[in-house]
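What follows is one structure encoded as structure tokens, with my remarks underneath.
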Amino acid sequence: MNKLQATKRIAKLKDLINDYRYHYHVLNESIMSEAAADSLKHELSQLEEQFPDLITPDSPTQRVAGGILPGFTEVRHRQRMLSLNDVFDRSEIEAWRARIIKILPDAKFDFFTDIKMDGLACSLIYSNGVLERGITRGDGFSGEDVTVNVRTIETVPLSLRHTNEFAKFSEGVTEVRGEIVMYKADFERANEQRAKEGLPLFANPRNTAAGTLRQLDPSLVASRKLHFRAYDILRENPADVPTNDYAYAVLAGLGFITNPMAGVFKSIDEIMTFADKWAEKRHDLEFNTDGLVIKVNDRATYERLGVVGKAPRAAVAYKYAAEQATTIVRDILVSIGRTGIATPVAVLEPVQIAGTKVQMATLHNESEIHRKDVRIGDSVIVHKAGDIIPEIVQALPQLRSGSEKVFAMPKNCPDCNHPLSKQKAVDVAWRCLNTACPSRSWKLIQHYASKEAIDIEGMGEKNVIALLDAGLIDDPADLYNIKAEQLLQLDRFADISANKLVTSIQAKRSPTLARFIYGLGIRHIGAQTAIDLANYFRSIEALMEASIDELSSVNGVGEIVAESVVEYFSEPSNKKLLNKFKNRGVWPKTISHTGGRLSGNSFVITGTLTTMSREEAAERIRLLGGTFQSSVGKDTTYLVVGEKAGSSKIVKAKELNTKVINEEQLLTIID
Ligand code: IVH
């Protein structure tokens, strides 16, 4: 970016960040997530680093936090309230540990770790066991006297609980520090109420808690439920509290809430297990959290390590990776899926989100692009959580330069040039109906050969591409015509591998009906629905002739699935494919109506089985003439309850008087 472009971009970034701050702090609303705003601030500071003479005093990067609001008295802290430096992954925790070991090589390091609560820090001063003052963090040296307000918080003891064990803490001055938080449920309720009253909504629990504590009317504070959760206790004589672990025991004894999961960890491995567990379970907590606090447990060692800047050396905040960031849409491409659906995909300027590099994000469909008004060249907010496919949350039109381009859905398939069409006027998805489309056939053949479908060993992605490129196959039925001699012409194959692949293909000429139905790759038909359809229709011919009404009467099949099946078998290119299979002698097994010890019995499994997979159980049941279903219905004979089963199927089975059995009983039936 040249200087002129940077000047323009910086001006736009500043405006948008200021707008975000105004909405957040003044209007109590959020126009984007904090992570997205941080991402913009990061871009701004990088540009300012590159062009330092473009830094102005009003830049959001030049802001210093803190300051006392008029209406509150400023009080000096007895001991400075420090902040924590952030670390983002295991290697940064290890580097921190190595740094402190280097400073104090002889010290023994145990770590006290707690959930980092997302609220605001508060210091409570008790004099001879009685609450004297509540002070906000402020700039760390002095804060606001909010005593009248903290006194309304039920979880702030007005006097310390007296016990023999901790009696000395009720003598002299005891300072307790902790986080004031608003619970997520209370926040939701407060916003529901505000919506009813037509008031603007609060942005998030932390902001609401902070705003509430700084209200000049204590009765308002009392009406918004806040909670105090303690994490530190300070005494004139530091020897009164030798470890952080002991600090939590004292705090609990004196009547404070502390986080029960906090504890001492001896190794980084243990800390990481704790971190990973809470990264996943954090959404179940009553309050918001964005990470952990890890501190040296021994407090004398903690003090000896000292302070750098605003943070102690002896503690760090481990932050979970943010799930949102901002970046730029370089292009929008259209990807054709196995069933022909054309999905617009944004090609992004690569960006790190939640620990992975993101370069593509789905835009779902054409109407979604128009609804979000995402243009090529736009700055956008991208969201990625866990294994979920990254998604564009919103465009940031405020940052447009004027050179962005509106995306137009192509009229033809980008791969085979077949016209894209919509099945029904109401459909959002455009589709390429050409089953021979290279994008479709590649994905379809791979799906057909996959483990859950026909399970052809050796037919992975690379071999499928090689066979397609060599012109040996166009569709799954062609697989069965491949000769070892043909494979030997390709670089990838030698004698043994070529024969092996041909043998494993030929071994799958009569797949089970369920696997064959699933392998056809019909839209909306997953492996379980394929099993349900196979059990009901028992032959592919019967399924091919089924009407929407008949299909809808199958347990677990709804209207969308029924329509999709009918549509599939009425499509001429699909009829051609099925004929090709038949002519090549490839056809699924029919499930016989009669015979079989379990004929007339139907089974549903909930939870996981320990001795076999669900698919294996289904096949064994079917071989004995029984049927296997995905949900409990009037016609279900047995519900098999495995490990970690949920309750909904069991409740339904009890309602319908279905027999409920365990895995052992199932084994007796099918063995
Ligand atoms: S221990 C030097 N424990 O995080 C401060 N702090 O960035 C060490 N916080 O200002 C404090 N949960 O307000 C500690 N379980 C916890 C915490 C916690 C939230 C806040 C605290 C502090 C900030 C540090």
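The values are calculated or read from the model by the stated rules, or taken from the named source; none is laboratory data. Keep in mind that this is a model prediction, so the values were computed, not measured. Note that we place each Cβ from the backbone using ideal geometry, even for glycine, and neighbour counts take in every protein chain shown. Remember, those area values only see protein heavy atoms, side chains included, never the ligands or the DNA or RNA. Shrake-Rupley method; radii C 1.70, N 1.55, O 1.52, S 1.80 Å.
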Checked the stretch 61-71 for anything open to solvent by less than 90 Å² (accessible area, probe 1.4 Å), within 21 Å of Cys122 (Cβ to Cβ) and either out of contact with any strand residue (DSSP E or B) (no Cβ under 7 Å at 6 or more places or on another chain) or modelled with pLDDT of 85 or more (or both); matches are Ala65, Gly66, Gly67, Gly71
Counting only residues that are open to solvent by 40 Å² or more (accessible area, probe 1.4 Å), within 14 Å of the ligand (Cβ to nearest atom) and over 17 Å from Gly291 (Cα atoms), how many does the stretch 253-273 have?
1
Filter the stretch 88-115 down to the residues that are over 23 Å from the mean Cα position of the chain (by Cα) and part of a strand (DSSP E or B) and list them by number.
Phe111, Phe112, Thr113
Which of (1) under 30 Å from Glu29 (Cα atoms); (2) surrounded by 21 or more Cβ atoms within 10 Å (Cβ to Cβ); (3) within 15 Å of the ligand (Cβ to nearest atom) is the odd one out, the single condition Val221 does not satisfy?
(3)
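Quick check, is Ile454 open to solvent by less than 40 Å² (accessible area, probe 1.4 Å), under 23 Å from Asn499 (Cα atoms) and in contact (Cβ under 8 Å) with a residue 60 or more places away in the chain?
For Ile454, the condition - open to solvent by less than 40 Å² (accessible area, probe 1.4 Å), under 23 Å from Asn499 (Cα atoms) and in contact (Cβ under 8 Å) with a residue 60 or more places away in the chain - is met.
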For the stretch 336-360: of the residues being touching an Asp or Glu at 6+ places or on another chain (Cβ under 6 Å) and at negative phi, which is farthest from the ligand (Cβ to nearest atom)?
Ile336
Of (1) over 37 Å from the mean Cα position of the chain (by Cα); (2) within 16 Å of the ligand (Cβ to nearest atom), Thr147 fails just (2)
Mind checking which strands (runs of 3 or more DSSP E) fall wholly inside the stretch 116-199 and carry at least 3 residues that are touching a residue at least 60 places away in the same chain (Cβ under 8 Å) and over 13 Å from Leu254 (Cβ atoms)?
142-144, 173-181
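Out of the residues in the stretch 150-169 that are farther than 20 Å from Ala222 by Cα and in contact with a strand residue (DSSP E or B) (Cβ under 9 Å, 6 or more places away or on another chain), state the one that is farthest from the ligand (Cβ to nearest atom).
Lys168
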Which pairs turn up if I take residues in the stretch 285-302 that are over 16 Å from Ala317 (Cβ atoms) and look for partners that are of a type in the set (Val, Ile, Thr) and more than 10 Å from the ligand (Cβ to nearest atom) with beta carbon separation below 8 Å, at least 6 apart in sequence or on another chain?
Asn297/Thr243; Asn297/Val264; Asp298/Thr243; Arg299/Val241; Arg299/Thr243
Which of the following residues is within 17 Å of Gly596 (Cβ to Cβ), in contact (Cβ under 8 Å) with a residue 40 or more places away in the chain and among the aliphatic types (A, V, I, L, M): Ile650, Ile669?
Ile669
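The rows are residues; the columns are (1) within 16 Å of the ligand (Cβ to nearest atom); (2) more than 30 Å from Gln398 (Cα to Cα); (3) open to solvent by less than 60 Å² (accessible area, probe 1.4 Å).
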| residue | (1), (2), (3) |
| --- | --- |
| Gln5 | no, no, no |
| Leu13 | no, no, yes |
| Ser33 | no, no, yes |
| Glu49 | no, no, no |
| Ser59 | no, no, yes |
| Asp86 | yes, yes, no |
| Glu94 | no, yes, no |
| Ile100 | yes, yes, yes |
| Asp106 | no, yes, no |
Whether any residue in the stretch 116-125 is more than 16 Å from the ligand (Cβ to nearest atom) and of a type in the set (A, V, I, L, M) is what I want to check.
yes
Between Gln352, Gln394, Gln398, Gln324, which is farther than 23 Å from Asn18 by Cα and of a type in the set (S, T, N, Q)?
Gln352
Of the residues that make up the stretch 483-496, is at least one touching a Lys or Arg at 6+ places or on another chain (Cβ under 7 Å), in contact (Cβ under 8 Å) with a residue 24 or more places away in the chain and open to solvent by 60 Å² or more (accessible area, probe 1.4 Å)?
no
Going by the conditions given, is Leu131 away from the ligand (no atom under 16 Å from the Cβ) and closer than 17 Å to Thr258 by Cβ?
no
Residues (over 20 Å from Ala279 (Cβ atoms) and either open to solvent by less than 10 Å² (accessible area, probe 1.4 Å) or touching a Gly at 6+ places or on another chain (Cβ under 7 Å) (or both)) located in the stretch 379-394
Ser379, Val380, Ile381, Ile392
Answer from Val156, Val148, Val130 - the residue that is among the hydrophobic types (A, V, I, L, M, F, W, C) and open to solvent by less than 50 Å² (accessible area, probe 1.4 Å)
Val156
So which of Ala239, Ala203 ends up being more than 26 Å from Ile294 (Cβ to Cβ) and among the aliphatic types (A, V, I, L, M)?
Ala203
Checked the stretch 180-191 for anything within 16 Å of the ligand (Cβ to nearest atom) and open to solvent by 20 Å² or more (accessible area, probe 1.4 Å); matches are Tyr183, Lys184
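Could you check how many residues of the stretch 275-289 are farther than 15 Å from Glu94 by Cα and either open to solvent by less than 80 Å² (accessible area, probe 1.4 Å) or within 15 Å of the ligand (Cβ to nearest atom) (or both)?
8
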Tyr246 vs (1) in contact with a Gly (Cβ under 9 Å, 6 or more places away or on another chain); (2) part of a helix (DSSP H, G or I); (3) away from the ligand (no atom under 12 Å from the Cβ); (4) hydroxyl-bearing (Ser, Thr, Tyr): all pass except (1)
Among the numbered criteria (1) closer than 22 Å to Glu286 by Cβ; (2) at pLDDT 95 or above, which one does Ser127 miss?
(1)
Out of the residues in the stretch 290-335 that are within 11 Å of the ligand (Cβ to nearest atom) and part of a loop (DSSP other than H, G, I, E, B), state the one that is least open to solvent (accessible area, probe 1.4 Å).
Ala314
Among the candidates Arg214, Arg235, which residue alone is in contact with a strand residue (DSSP E or B) (Cβ under 8 Å, 6 or more places away or on another chain), closer than 23 Å to Ser127 by Cβ, of a type in the set (D, E, K, R) and away from the ligand (no atom under 12 Å from the Cβ)?
Arg235
Can you tell me which residue among Val464, Val393 is modelled with pLDDT of 90 or more and farther than 23 Å from Phe581 by Cα?
Val393
